[in-house]
Amino acid sequence: MIDFDAARAILRSNDLGGYTVPTRGLYPFQWNWDSAITALGWHRFDEGRAWREARTMFSGQWDNGLLPHILFHHEADSYFPGSEIWGANSRIPSSTISQPPVWALAVARMLERSSAGDAARAEARGLLPKIVAHHRWWYRDRDPGGSGLVESYHPWESGMDNSPAWDGPLARVPRVEWEYQRRDLGHVDQAQRPSRREYDRYLYLIEFLKHNEFDPCRLSAGSPYRVVDIATVSILHRATRELIGLCRQFDLESAVAELEAELARTQQAVNACWSAEHRCFLNLDKVSGAPLRERTTATLLPLFGLLADAEQASQMAALVEEWLTASRFSLASTHPESPRYESQRYWRGPVWLHINWMIADGLRAYGFDDLAARVKAETRRCVEAAGGYFEYYCSRTGKGCGGGDFSWTAAVALFWLAD
Ligand code: DGY
């Protein structure tokens, strides 16, 4: 049995007053997409607190619309790299990249389910111009050429840090030569975290962003790491659809035509990522121009983005069935047949609840209700097997991995598994 009281208790104990840390120690600040998903969990038992989470996040938005992936609201030596490494010149110390934009979707869902009437409408109205500015930032600063497919310049921007899809593009990035001490390994077993080789390159890219003054044209022209992350493309697309609905509801018609044009551009461009051979949409390496052939759960998210046509969706549904069978527990984040699959190592194979929720939501949208229910039932089995809310779960044994008492996992249980 799943203990939903324990899920609520985790959000309360990770609440630092206006924002929720993903977990204590390992991630002691406010993370962007964690926070959006956590707000959906808060909303099931404390609506006011959910809106406050959103307000705190957007208080750290940059003037150009960027919503940073981390807001360093205070100092903490349990995490590396801290704000001094990133070099942002922002109101609230922050990182200099973003994360998959879930906020429009979170706000739309919160508004729909709200019992708070005018108060909730006032919250949504206050956030709306900021969310529009954030989507504009994605389309402008992460797609300077107007291709319809936003790019990312750091694996952390995808939120799927050490996905095997990034191995090739990341191998091209030089390694930093200075000494540093990782803090994540003080909290989590090395076998469940990215390698030193990857960290050296993550840090190089942080310095590269800084030396190029975060200028989108310089990044797009010169970054050694430039990928189209199909998960971000899909989440952005779905969130923009939700955002258009919000703009209509709140008479912000001025943004609608522009956002619709972005949807059309992406819808047209996304077919370049479709692979009939792999039966999913692939990530792209923008430096070499080659598709990244690794099947990770990112490649299924066009279902959530409502970007697939009916034939593509049914091919993807067949793939999901096989994938579920190949993963002993739920949907492994990398297909278990891949030679790069590692059942416990962060984004190289473990099960992540929020991604499974998105995939199930997408399957339902295309009419695959039974399969969506199976994804949900198997995800629930993970939480039950592990007996708690972990950052992710081993897809072979169901064992809890990464950080414990994890906010977004508890939140997804509250707004998805509890339904
Ligand atoms: C980390 O530090 O592992 C984070 O995922 C970066 O956002």
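The values are calculated or read from the model by the stated rules, or taken from the named source; none is laboratory data. All values derive from a computational prediction rather than experimental measurement. Note: ideal-geometry Cβ built from the backbone for every residue, glycine included; neighbour counts use all protein chains shown.
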### Query
If you scan segment 143-158, which residues turn out to be closer than 23 Å to LYS210 by Cα and either more than 16 Å from the chain's Cα centre (by Cα) or not in a loop (DSSP other than H, G, I, E, B) (or both)?
ASP143, PRO144, GLY145, SER152, PRO155, TRP156, GLU157, SER158
### Task
Of the conditions (1) in contact with a helix residue (DSSP H, G or I) (Cβ under 7 Å, 6 or more places away or on another chain); (2) in contact (Cβ under 8 Å) with a residue 24 or more places away in the chain; (3) away from the ligand (no atom under 14 Å from the Cβ), PRO93 clears all except one; give me its number.
(2)
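A quick yes/no check of all residues on (1) more than 16 Å from the ligand (Cβ to nearest atom); (2) surrounded by 21 or more Cβ atoms within 10 Å (Cβ to Cβ); (3) within 21 Å of the chain's Cα centre (by Cα); (4) under 22 Å from HIS154 (Cα atoms):
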residue	(1), (2), (3), (4)
LEU66	no, yes, yes, yes
ILE70	no, yes, yes, yes
PHE80	no, no, yes, yes
PRO101	no, yes, yes, yes
MET110	yes, yes, yes, no
ASP118	yes, no, no, no
### Task
Could you tell me which numbered condition SER407 fails, if it satisfies all but one of (1) of a type in the set (Gly, Ala, Ser); (2) surrounded by fewer than 24 Cβ atoms within 10 Å (Cβ to Cβ); (3) under 19 Å from ILE37 (Cα atoms)?
(2)
### Message
I need the helices (runs of 4 or more DSSP H) fully contained in segment 1-76, keeping only those with at least 1 residues that are closer than 24 Å to ARG136 by Cα.
### Response
32-43, 47-58
### Summary
Considering only helices (runs of 4 or more DSSP H) wholly within segment 315-419, the ones with at least 1 residues that are in contact with a His (Cβ under 7 Å, 6 or more places away or on another chain) are 407-412
### Message
I need every pair where a residue in segment 181-195 that is touching a residue at least 12 places away in the same chain (Cβ under 8 Å) and of a type in the set (Asp, Glu) has its Cβ under 6 Å from the Cβ of a residue that is within 11 Å of the ligand (Cβ to nearest atom) and in a loop (DSSP other than H, G, I, E, B), sequence separation at least 6 or different chains.
### Response
ASP184/ARG193
### Task
Go through LEU127, LEU105 for me and flag whichever is over 25 Å from TYR27 (Cα atoms) and either away from the ligand (no atom under 16 Å from the Cβ) or buried (at least 23 other Cβ atoms within 10 Å of the Cβ) (or both).
LEU127
### Query
Within segment 372-394, can you find the residues that are closer than 11 Å to LEU331 by Cβ and in contact with a helix residue (DSSP H, G or I) (Cβ under 7 Å, 6 or more places away or on another chain)?
ARG374, VAL375, LYS376, GLU378, THR379, TYR393
### Query
Would a scan of segment 349-360 turn up a residue that is without any contact (Cβ under 8 Å) to a residue 60 or more places away in the chain and small (Gly, Ala, Ser)?
yes
### Query
Which of the residues that make up segment 21-36 are more than 14 Å from the ligand (Cβ to nearest atom) and under 16 Å from the mean Cα position of the chain (by Cα)?
ALA36
### Query
Residue check: is ALA122 more than 16 Å from the ligand (Cβ to nearest atom), surrounded by fewer than 20 Cβ atoms within 10 Å (Cβ to Cβ) and either at pLDDT below 95 or in a loop (DSSP other than H, G, I, E, B) (or both)?
no
